[in-house]
1. Would you mind stating whether residue 366 is farther than 18 Å from residue 237 by Cβ and among the hydrophobic types (A, V, I, L, M, F, W, C)?
2. For segment 311-335, enumerate the residues that are of a type outside the set (Gly, Ala, Ser) and under 28 Å from the mean Cα position of the chain (by Cα).
3. Kindly indicate whether residue 630 is modelled with pLDDT of 80 or more and either touching a His at 6+ places or on another chain (Cβ under 8 Å) or open to solvent by less than 30 Å² (accessible area, probe 1.4 Å) (or both).
4. State all residues of segment 317-335 that are under 21 Å from residue 209 (Cα atoms) and either open to solvent by 20 Å² or more (accessible area, probe 1.4 Å) or assigned to a loop (DSSP other than H, G, I, E, B) (or both); if no residue qualifies, say none.
5. In segment 521-544, how many are outside any loop (DSSP other than H, G, I, E, B) and either free of Cβ contacts under 8 Å to residues at least 60 places away in the same chain or open to solvent by less than 10 Å² (accessible area, probe 1.4 Å) (or both)?
6. Out of all the residues in segment 336-353, which are within 32 Å of the chain's Cα centre (by Cα) and open to solvent by less than 10 Å² (accessible area, probe 1.4 Å)?
7. For segment 547-571, which residues satisfy the criterion of being buried (at least 17 other Cβ atoms within 10 Å of the Cβ), small (Gly, Ala, Ser) and not in a helix (DSSP H, G or I)?
8. List pairs: first residue in segment 751-778 and touching a residue at least 12 places away in the same chain (Cβ under 8 Å), second residue among the polar types (S, T, N, Q) anywhere in the structure, Cβ distance under 6 angstrom, at least six positions apart or on different chains.
Amino acid sequence: MFLNLPIEPSGRERRAARVCIATYEILGPSASGGIGTAYYSLATTLAAAHHQVTILYLWAARSDESEMRYWESHFRTLGIAFVPLPPSPGTLGVPNPMLTAFDAHAWLRKRQFDVVHFPELHGHGYYCVLAKHQGLDFSHTVLCIGTHSPISWIREQNREAPYNPEELEMDFMERQCVALADVVVSPSQYMLGWMQNQGWLLPAACYVQQNIAPTESRTVATLVRSRSEVQRAAELVFFGRLETFKGIGLFCDALDLIKGANLPTFSVIFLGRNGRVAGRDAVSYIRARAEHWGFPYQIVTDRGREAALQFLSEDARRIAIIPSFEDNLPNTVIECLAGRIPFLASRVGGIPELIAHSDLEQVTFLPDASQLADHLARAIRDGVPAARPAVDADENRQRWINWHAALASHCDDMQPTKENVFSAPATPLVTVCLNYRNDCELLRQSLGSLRRQTYTNLEVLLSNYKAGAEAELKRLTHDFESKGWRLISEAEPDCSSGQTHPADTRGEYVLFMEGSDYLKPDAVAAFVKVASRTGADVLTCFLALFTGGQEPAEETCLGYCPFLGNAVLSGVFRNHFGLGVIFVRREALLRLGSFPVNARRDCADWQFLGRAALMHCRMEVIPIPLAWYRIWNESGPHVPLDYLDQLQALTPYAQAMPPALRDLPKAALTMRLLYQRMCERLGDNPARTILQRLAVNRKSGNQVSVLADEGALLLAVKQMPTRARKKIASVLDGWLEYSSARSQLPPPGFQRISHIARQLVRGHYHRYAHGFGSAFRDLRKPSQPRQERGEN
């Protein structure tokens, strides 16, 4: 059993806590949702108790500026600062959860709070907890992760597959948020138990504290539920989102069982946002199930939370039914308890933790159709009493308030001077393997960045990648001997490709980098500090991107490239480990061996780091840009590798598999590439606009907002009737094939003629363009030169 939030007795006066709630969902900007409701109640409660509360709204980019200004003004009247998260430019090419986590860390590390709250869902707190774990930021701040509903739990309860591949990265970030947090607070014992059973690592400071009941629920209780008598149920109201794990199917099964029973007259109401049930939208599912019911029913999907509670409270004969298959600590139950609304709920997940033990038998049931049918029949005949909560709402609210006050007092006891981020108790020797890439000017800049390092206990091994370049190198390396740096002879291969034997290095750590890259002055000191603090065997870092032949400067920064670190599963599909600048403990390097030979730089790094992860080396990424990465166009470092390069990068994965499954990583990568090609076919055509609208449609209440564009498309198509779905799928498929064909015209000649003729025969030019006129224009169109990426 996990304890409640601790309250330390203190005789001294406590000051107001500086609290930040960093969340992608908050009641107001978000139409509904358990996370948004929980954090809204926490924010308003703390503000009313005179704590200084800031809401950092993480999905501000999905809203327009006028809407954000309205909510800033609204929350100001509640004594709360509402801050839309500003996006940092140029961090494109990685999954959305990583971008949001990057922006949140960039904003928060420049401010001082006593406590910062994040939900675990989406993993947006990952880079913040990682930075604190590494001793880089937040030394005076408690980072608190709330466990509400991780993505793997959501998919498990809804019995559905992931909507898009980004959920692999999301799952990794969520798990790391919990593992590295200062404090984890769950509203239920159930959720922490589920995480333990699923292999999640939990920190020492794990507590269970129920969410604060919304004030609107208590208002309903005082205004409407003054009566105490039990009345029979005349209206059975399914209360909650209309989706699978909320028990729509179970409720309909129970209604089937009582439809012919000799019961007093009753009706059924479905009250909740439309969702997905049995592969179709819930409204059409309910209508199909209701065809043989002999009692009236209605579906109400347009009520907000307050309106729904008011609806339930208007008639004492309305009984809320909450038949979830599994749930953490649903707000529907909390709101019914606080509002004295009679209900029946499944005895699953964290629901029993909400209800007084003496009332459990009367108001809960196992998620079985016959049990629910018996409880429904009893409610119609005899009624259901209003259950009592297991936890006093006022005491629960006060514990949250007092805990934050205690945190503020602890912050006052801390030393006022912040520890130097890059100070280290020891100064082990670091060997820098600098790979010469045949450009003396770039090498001069890279060496200059090494000379300016604040960490001085270095040796540099410079590989002579190209025989015959001695004269050029001598002009740049005349001071190697004076610094104790060494130059590898021309007969030695490329050290950045790992061919410098570990025995050639004398340092406790080895830093691999390219002669075209550039370190920030505190880079080596930061690597040594984090390695010493965490015991990491392999470290990478974020990269600042620049282009051209000049030295980098902040004003010429093109953006940033974040990584995840030891994300082994995601590493099958993409290099989330790191790139370019790699810091390795020499002892680990002796086990890992060399970088791959004759491989592209990014492919060799991916393969080396993948091998380190699979050999259980402790690997982390430092979530700040310690190095400048030179690119040759503005596409960034994530230039797609060709298929064979990616397969080579997956060699460690194949070698780690038993012989019968050795091709499994290849098969997984192939399926991912097919998915990517399908998305690329969308290109800039009108379907893309539709998807973008779907992806930001937060007010629809159908969870589209948490999906990427392609996930939104799949969900939207599934919600259509079968005939319409087939027709739209046929039209969309034809349009995608046609637009893809026009964007990839072969060179003029017979191949182009047959390419265009194929689209004419299929009728695509007449259906989607201007018939023969467009076809003739395509025949005469000159070839578009392909833009190639230069190699570092």
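The values are calculated or read from the model by the stated rules, or taken from the named source; none is laboratory data. Computed from a prediction, not measured in an experiment: that's the story for all the values here. Using ideal geometry, Cβ is built from the backbone for each residue, glycine included, and neighbour counts are taken over all protein chains shown. To get the accessible areas, we keep the full protein, side chains included, count just its heavy atoms, and leave off ligands, DNA and RNA. Shrake-Rupley method; radii C 1.70, N 1.55, O 1.52, S 1.80 Å.
1. So residue 366 fits the description; yes.
2. Within segment 311-335, 325, 326, 327, 328, 329, 330, 331, 332, 333, 334 qualify.
3. Spelling it out, residue 630 is indeed modelled with pLDDT of 80 or more and either touching a His at 6+ places or on another chain (Cβ under 8 Å) or open to solvent by less than 30 Å² (accessible area, probe 1.4 Å) (or both).
4. From segment 317-335, those under 21 Å from residue 209 (Cα atoms) are 326-335; that's our starting set.
Listed by number, the residues that qualify are 326, 327, 328, 329, 330, 331, 332.
5. Qualifying residue count for the region: 15.
6. 336, 345, 346, 350, 351
7. If the condition is that a residue be buried (at least 17 other Cβ atoms within 10 Å of the Cβ), small (Gly, Ala, Ser) and not in a helix (DSSP H, G or I), then 559, 565, 567 are the ones that fit.
8. So the pair list comes out as 765/759; 765/774.
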